[in-house]
Amino acid sequence: MEIVKPRKALPVVQHPAGLFYFIKEMSGEMLRYLTAGESHGPALTAIVDGIPSGLPLTKDYIDQQLARRQGGYGRGGRMAIEKDQVHFLSGVRGGFTLGGPITLQVQNRDWANWSETMSPHPGAKLDDRVVTKPRPGHADLSGALKYNHRDIRNILERASARETAVRVAAGSVGRKLLEELGIRVTGHVVNIAGVEAQAQGFSPAEIAQKAAESQIYCADAQAEQKIIAAIEQAKAAGDSLGGIFEVIVTGLPVGLGSHVQWDRRLDGLLAQAVMSIQAIKGVEIGSGFGLANLPGSQAHDEIFYTQERGFFRETNRAGGIEGGITNGEPLVIRGAMKPIPTLYKPLRSVDLNTKEPFVASIERSDICAVPAACVVGEAVVSFTLAQVVLDKFGGDSLEELKQNLAAYQAALRTV
């Protein structure tokens, strides 16, 4: 059995991203995306490059994920203004991808109130809504110092988690690719304000159903009520809350990722993707930090084999990844989100220009955005997995990708 993946002969050159990534970019085999746009600009945009042709993709599919990101108990006033919808500007025709770059746009309805302040033209009202008081916990101060800005708005507009709207749109493209291959992504909230949601004994499908019915996107109805009460208490106090979400992925084939280089290890790629979400301060895979408290005899997943099931494990403390490679068990990854640093009871700060102490300025904010962060987590995990799937199996069309995957899985059954 041979999986054919045509490659181009390339010269050996120096490249700041490394020879591995240079080769993959030049050969057209790297799935990637870039986002652009400001929180109060006209729109957010993403360009997704490397998706095979023939993938079914509709506006409604992506809009469903965008609506989930805007939901969740504890969201702020911005969600009452925006009703996010995606617009395809390239790469999709008749509900199917063409194989070229896909341009996705999510418009900001609030732009109408900011068009003069945020205008790209020389006549912009640059003295309007100036921010000079950096908020603790944000990119405000470090960003202003790094980019030599005296108006912190030039930092907070791009650093804002508003950017995750178009990241969800881009991640939804990767999610759709995975679904076409029988891979399912499920996210749910497992902790807010120290209230633990219990989902043991539920299948991923059951978790998905229960989370969809929950205002907090958790599978534990009793925990949900306690969390809502905690959010209301924080709101009354002018405070904010963080928490933990979990993403479970089923149907992954063995062999995604690699042990041979640090930047090809799947656990590292996933950790980077989840950690890149605004306000995420911790990531764990499988039993994660809990493994540090166990002896080795209790930390690892023993391996079994039957003719019917092949190789399998009865536990999944590794979270579906060993040595940087998927092992056939469900992937389980969690992200820990800090409380949102924009508070209605602002923290102390120092004015960037006058150096005088002050209370930090307030931008419109949420009390708790952990459910929304969970949806973003699903998106970035989906896109990363779509990247490694295409890296391993290749294919310029969805049909070719499916054939390559099927041939690989057939070969594994002969081992």
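The table below gives the values:
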{"read-out": "Span-rule helices in the chain, defined as complete DSSP H runs reaching 30 Å or more along the axis (Cα) with Kyte mean at least 0.5", "value": "370-393"}
{"read-out": "Contour minus Cα-Cα distance for residue 147 and residue 250 (0.36 nm per residue)", "value": "32.8 nm"}
{"read-out": "The range 31-412: Rg to Rh, with Rh as the Kirkwood radius over Cα pairs", "value": "0.99"}
{"read-out": "Leading residue at positive end of dipole, the chain (Cβ point charges), from 121, 195, 354", "value": "354"}
{"read-out": "The range 31-412, dipole about Cα centre (Lys/Arg Cβ +1, Asp/Glu Cβ -1), debye to the nearest 20", "value": "840"}
{"read-out": "Calculated log₁₀ intensity ratio I(q)/I(0) where the Debye formula runs over C-alpha points of the range 127-265, q = 0.12, 0.13, 0.14, 0.21 Å⁻¹", "value": "-0.78, -0.88, -0.96, -1.18"}
{"read-out": "Cut-off 20 Å, label 7 Å out along Cα→Cβ of residue 358, residues of the range 142-176 by amide N", "value": "142-160"}
{"read-out": "Scaled radius of gyration (Cα, divided by 2.2 N^0.38 Å) that the range 273-415 gives", "value": "1.53"}
{"read-out": "Segments 240-246, 130-136 sorted - mean Cβ within 10 Å per residue, highest first", "value": "240-246, 130-136"}
{"read-out": "Proximal charge balance of residue 103 [Cβ under 15 Å; K/R count +1, D/E count -1]", "value": "+3"}
{"read-out": "Radius 12 Å from Cβ of residue 210, net charge of other residues (Lys, Arg +1; Asp, Glu -1)", "value": "-4"}
{"read-out": "Loop GluC sites (Glu not before Pro), the range 286-341, which have at most 14 other Cβ atoms in a 10 Å radius of their Cβ (DSSP)", "value": "302, 308, 314"}
{"read-out": "Cα-projected label distance for residue 407 with residue 203, points at 7 Å along beta-carbon direction, nm", "value": "3.3"}
{"read-out": "Dipole axis of the chain (+1 Lys, Arg; -1 Asp, Glu on Cβ), positive-most option in 237, 315, 404", "value": "237"}
{"read-out": "Listed pairs 59/83; 125/355; 59/176; 133/345; 176/392 exceeding 22 Å between Cα atoms", "value": "125/355"}
{"read-out": "Set of aspartates and glutamates with alpha-carbon distance to residue 226 below 12 Å, sequence-local pairs under 8 removed", "value": "196"}
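Readers should treat all values here as calculations from the given coordinates under stated rules, not as data from a laboratory. Since we're looking at a predicted model, the values are computed, not measured. A quick note on method: Cβ atoms are made from the backbone with ideal geometry, for glycine too, and the neighbour counts reach across all protein chains shown.
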